[in-house]
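The values are calculated or read from the model by the stated rules, or taken from the named source; none is laboratory data. The structure presented is a predicted model; accordingly, all values stated were derived computationally and were not measured. Ideal geometry is used to build each Cβ from the backbone, glycine not excepted, and the neighbour counts take in all protein chains shown. Side chains included, ligands, DNA and RNA excluded: accessible areas come from the protein's heavy atoms. Shrake-Rupley method; radii C 1.70, N 1.55, O 1.52, S 1.80 Å.
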Amino acid sequence: VEGASPVYYTLTAEYFSLEEPIKKAGHEVYVERSYKRHTGTHQQADGTLTDKWEPLHDGDTVASGDRIQVTLSITALNDYEYLVFEDPKPAGCEAAEVQSGWGCWGTLCGNKELRDQWVAFFVSHLPRGQHCLEYELRAETPGTFHTLPARGYAMYFPDLYGNSDELRITIRDKQD
């Protein structure tokens with residue numbers, strides 16, 4: 001082929017890790033995931049009800065039917081645009097919400113998609129600093145599950161990424 005036009009190309013390499021457990025990593029964007037189990041409601045002195053949550057750690061056990069609050073804590077070193085944050089669900093859990101769509105989570109707004117295997121947040125603008133994305137899961141199927149790390153990346157610049165730690169969780173049958 002002859003001509004004076006420049007040639008453009010892209011090269012991408014991907015790999016996977018056999019390490020156990022998978023540890024968090026990042027470049028310019030850092031993601032940490034935390035789980036909390038709902039332990040009931042508490043009535044305050046003024047009569048308002050507040051939910052009580054207990055932190056869950058790697059290897060903890062929950063009962064089927066338990067509500068789990070998932071928080072993705074994001075640290076951005078600069079202002080960025082068009083990022084995706086994908087959080088794989090533990091195999092025995094389902095999202096408590098049933099409808100995807102537009103939403104705001106503190107300082108961030110974007111589209112949230114509830115998929116079979118993960119929950120995805122599409123954020124058009126991520127300002128520098130600390131941010132949180134939250135949603136709820138419901139534990140359903142008993143078993144011991146490894147949850148792959150949550151990951152965040154720029155849609156149009158894949159070198160900008162971050163992932164959380166892996167998490168292991170056990171779901172037991174609820175004893176009535």
Pairs only if they're at least six apart or on different chains, beta carbon under 7 angstrom, first in the stretch 107-131 and assigned to a loop (DSSP other than H, G, I, E, B), second open to solvent by 90 Å² or more (accessible area, probe 1.4 Å) and of a type in the set (Val, Ile, Thr); list them, first residue then second. 127/107
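Among the residues of the stretch 53-75, write down those that are assigned to a strand (DSSP E or B) and over 27 Å from residue 108 (Cβ atoms).
First, the residues of the stretch 53-75 that are assigned to a strand (DSSP E or B): 53-56, 61-63, 67-75.
Result: 61, 62, 63.
Examine the stretch 43-55 for a residue that is in contact with an Asp or Glu (Cβ under 8 Å, 6 or more places away or on another chain) and at pLDDT below 95, and state whether such a residue exists. It would help to see each step written out before you state the result.
Of the stretch 43-55, the ones in contact with an Asp or Glu (Cβ under 8 Å, 6 or more places away or on another chain) are none.
No - not one qualifying residue is present in the stretch 43-55.
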Can you tell me which residues in the stretch 72-100 are crowded, with 19+ Cβ neighbours inside 10 Å and either touching a Lys or Arg at 6+ places or on another chain (Cβ under 8 Å) or without any contact (Cβ under 8 Å) to a residue 60 or more places away in the chain (or both)? 72, 76, 85, 86, 87, 89, 93, 95
For the stretch 128-137, does any single residue satisfy the condition of being of a type in the set (Asp, Glu), surrounded by fewer than 17 Cβ atoms within 10 Å (Cβ to Cβ) and either closer than 17 Å to residue 167 by Cβ or over 14 Å from the mean Cα position of the chain (by Cα) (or both)? yes
Condition first: under 10 Å from residue 90 (Cβ atoms) and open to solvent by 60 Å² or more (accessible area, probe 1.4 Å). Now tell me which residues in the stretch 141-157 satisfy that. 141, 144, 146, 148
Residue hits (the stretch 10-52; open to solvent by 100 Å² or more (accessible area, probe 1.4 Å), farther than 29 Å from residue 126 by Cβ and either small (Gly, Ala, Ser) or not in a strand (DSSP E or B) (or both)) are 18, 20, 45, 46
Any idea which of (1) of a type in the set (Asp, Glu); (2) touching a His at 6+ places or on another chain (Cβ under 7 Å); (3) free of Cβ contacts under 8 Å to residues at least 60 places away in the same chain is the one residue 54 doesn't satisfy? (2)
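Could you please find all residues in the stretch 29-45 being under 29 Å from residue 164 (Cα atoms) and of a type in the set (A, V, I, L, M)? It would help to see each step written out before you state the result.
The first filter runs over the stretch 29-45 and keeps only residues under 29 Å from residue 164 (Cα atoms), leaving 29-40.
Residues satisfying the conditions are 29, 31.
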